[in-house]
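Worksheet for the structure shown next.
Values quoted throughout were computed directly from the atomic coordinates according to the rules given, and no laboratory measurement underlies them. Just so we're clear, the structure is a prediction, and the values are computed from it rather than from any experiment. For neighbour counting, all protein chains shown are included, and Cβ atoms are generated from backbone atoms with ideal geometry for every residue, glycine included.
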Amino acid sequence: MPGADTRTSLHYAPFPVTLVSGAGARLTDLDGHQYLNLQGDYTAGLYGHTNPAIAAALRGAIDRGVRLGGPHPDLHEYAALLCERFPSLDRVRFTNSGTESNIMALSLARAATGRTKVLVFDGGYHGGVIDFSTDDRRLNLPFEWVIGSYNDGDDVQRVFETHGTELAAVLVEPAQAAGGALAGTRDFLNELREGCDRHGVVLIFDEVVTSRLAPGGLQSTLGITADLTTLGKYLGGGASFGAFGGRAELMDLFDPRREDGLHHAGTNNNNVLSMAAGLTGLRDVFSADVCAELNERGERLRGRLNDVARSRGSAAQVTGVGSVMNIHFQRGPISRRADLAVTPRAARTLFHLEMLLHGFYLASRGMIALSLEVSDEDGEEFVDAFTSFLERYDVVLA
Ligand SMILES: Cc1ncc(COP(=O)(O)O)c(C=O)c1O
C-alpha cells in the first residue's frame, strides 16, 4: 500500500498507531497501549466495538449461510424499518458505502430531470470522489459542479438565479461533518428547499453522518424534507453499508417491473452481514430514546469543553451537533469552511498527538464522534485532559 495506508483520513505523521482490538469504548494498540475511543470510526462506530446484540446478529447470519444470492427476510425488514424511522423515505435501496449512495442519488436526479448540473457546497464531503472539504479536487467525478457557499442565503439566491433551470440536484449535508462539524442553519436549508421547489431541482440531503443526530435524521428536527436522502456508516452496524431513498415517484424509477426501469445493480447491495447487523442495531439498540440520550450526552460534553475554553479565554472552541463535534483552535464565529483558515495546522497536530499520549483516540483533524459506550464519566476524563492541554499550551495557541 502506498505509504502503508488504504484510508487517507486515518493517516497522520509520523505514522498512525496500529490497532489490534477494541472492547466497549476502549482500543488497544499493537504495543499494548489503551485509548478511550472518541473518534468512533468517523461516526460509523456508533455501537462501540463489542455490542452483544450486533455480535449475535452477525453470528446468526453466518450460521444461516452467507452469499445467498437472493432476497432474504432481513433485507425486507430493514428496508421497512428505515422507511418507518426516516420520514423522508417512501422507498429505499441499498448500496455498499455512503459514497456509492451519493453517486446513485445524483445519477437518479440527473436521469429524472434530464439536467446535468449539481449544486454542492464548499466544505461539503460526500465521499472520496465527491469531496469539497479541501482545495484538492482532482479526484472528483467529472459532474458539472456548481460550488456554493455554505450557510450563505445570498449566495443560494444568486446560484438559483444563474443556474436554477440547469440544476438536476442540490447535494448538501444538513450539518457538514468532515468540513468541521458545522451545523447548517434552518434559514439556509429552507432557502435550498424553496429554490429546489421553484426550479424543479431534486434536493438531496446527505445524512450519512447526520441521520444519527435525531431519531428521524437531522432533517426531521429541522422540519425540512429532502426529495432524496443518503445514508451509510453506523447503519451497517459495523459492516459495510450505504442506502439511498426518498420520494416514491423518483425511487420507483428503479422498479425492475417497469419497461423503462433504471438498472441499479451491486453484488453486495443485499449482503447478509450488513443487513443483519444494521437491522439489529437500528431495531434493537439505537431506539429513538437511545438516540436522544446519546446526543444529549454529546451536547453536555461539547458544552463542558466550550465552558473550559471560554473561562480560560483560550483560542479554542468546539462546534457540532449532538454526538458529533470538532475542536478548533481559534476564536470567533465559525459557520463555513473559509472561517477555519485561521486555525493553525500545528495546533491541531499538537493536540492530537498529546491526546494520544494521554490515552484519548480522536480524529487527527479534531473530530469526535461519541459511541454509545462513551459515558459522561469518560467525557469528564477528556475534559480534564483538554483543560491540562490548554493550561500547558495556551501561550502558544493564542
Ligand atoms: C457526509 C458524508 N457523506 C458521505 C460519506 C462517504 O461515506 P463512505 O465513506 O461510506 O463512502 C461520508 C464519509 O465520511 C460522509 O461523512
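Worth a mention:
- Number of positions in the range 333-357 that are more than 24 Å from Ala175 (Cβ to Cβ) and among the polar types (S, T, N, Q): 1
- Counted residues, the range 77-108 - those being out of contact with any strand residue (DSSP E or B) (no Cβ under 8 Å at 6 or more places or on another chain), more than 11 Å from the ligand (Cβ to nearest atom) and within 14 Å of Phe205 (Cα to Cα): 1
- Apart from one condition, Leu139 fits all of (1) surrounded by fewer than 21 Cβ atoms within 10 Å (Cβ to Cβ); (2) within 25 Å of Phe286 (Cβ to Cβ); (3) within 16 Å of the ligand (Cβ to nearest atom); the exception is (2).
- Search result, residues across the range 28-38 that are of a type in the set (S, T, N, Q) and buried (at least 23 other Cβ atoms within 10 Å of the Cβ): Asn37
- Single residue of the range 111-125 satisfying the filter (surrounded by fewer than 18 Cβ atoms within 10 Å (Cβ to Cβ) and not polar (S, T, N, Q)) that is nearest to the ligand (Cβ to nearest atom): Ala111
- Checked against (1) part of a helix (DSSP H, G or I); (2) touching a helix residue (DSSP H, G or I) at 6+ places or on another chain (Cβ under 9 Å); (3) among the hydroxyl-bearing types (Ser, Thr, Tyr), Ser311 passes all but a single condition, namely (2).
- So Val170, is it touching a residue at least 12 places away in the same chain (Cβ under 8 Å), of a type in the set (A, V, I, L, M) and within 15 Å of the ligand (Cβ to nearest atom): yes
- In summary, Ser274 fulfils each of the numbered conditions (1) in a loop (DSSP other than H, G, I, E, B); (2) within 16 Å of the ligand (Cβ to nearest atom); (3) not aliphatic (A, V, I, L, M) with the single exception of condition (1).
- Residues of the range 160-205 satisfying the condition of being within 12 Å of Ile224 (Cβ to Cβ) and within 12 Å of the chain's Cα centre (by Cα): Val172, Pro174, Phe205
- Each residue in the range 33-47 was checked for being assigned to a helix (DSSP H, G or I) and within 13 Å of Phe241 (Cβ to Cβ), and 2 of them qualify.
- Ala56 vs. criteria loosely packed, with under 15 Cβ neighbours inside 10 Å, closer than 24 Å to Pro256 by Cβ and either more than 25 Å from the chain's Cα centre (by Cα) or away from the ligand (no atom under 16 Å from the Cβ) (or both): no
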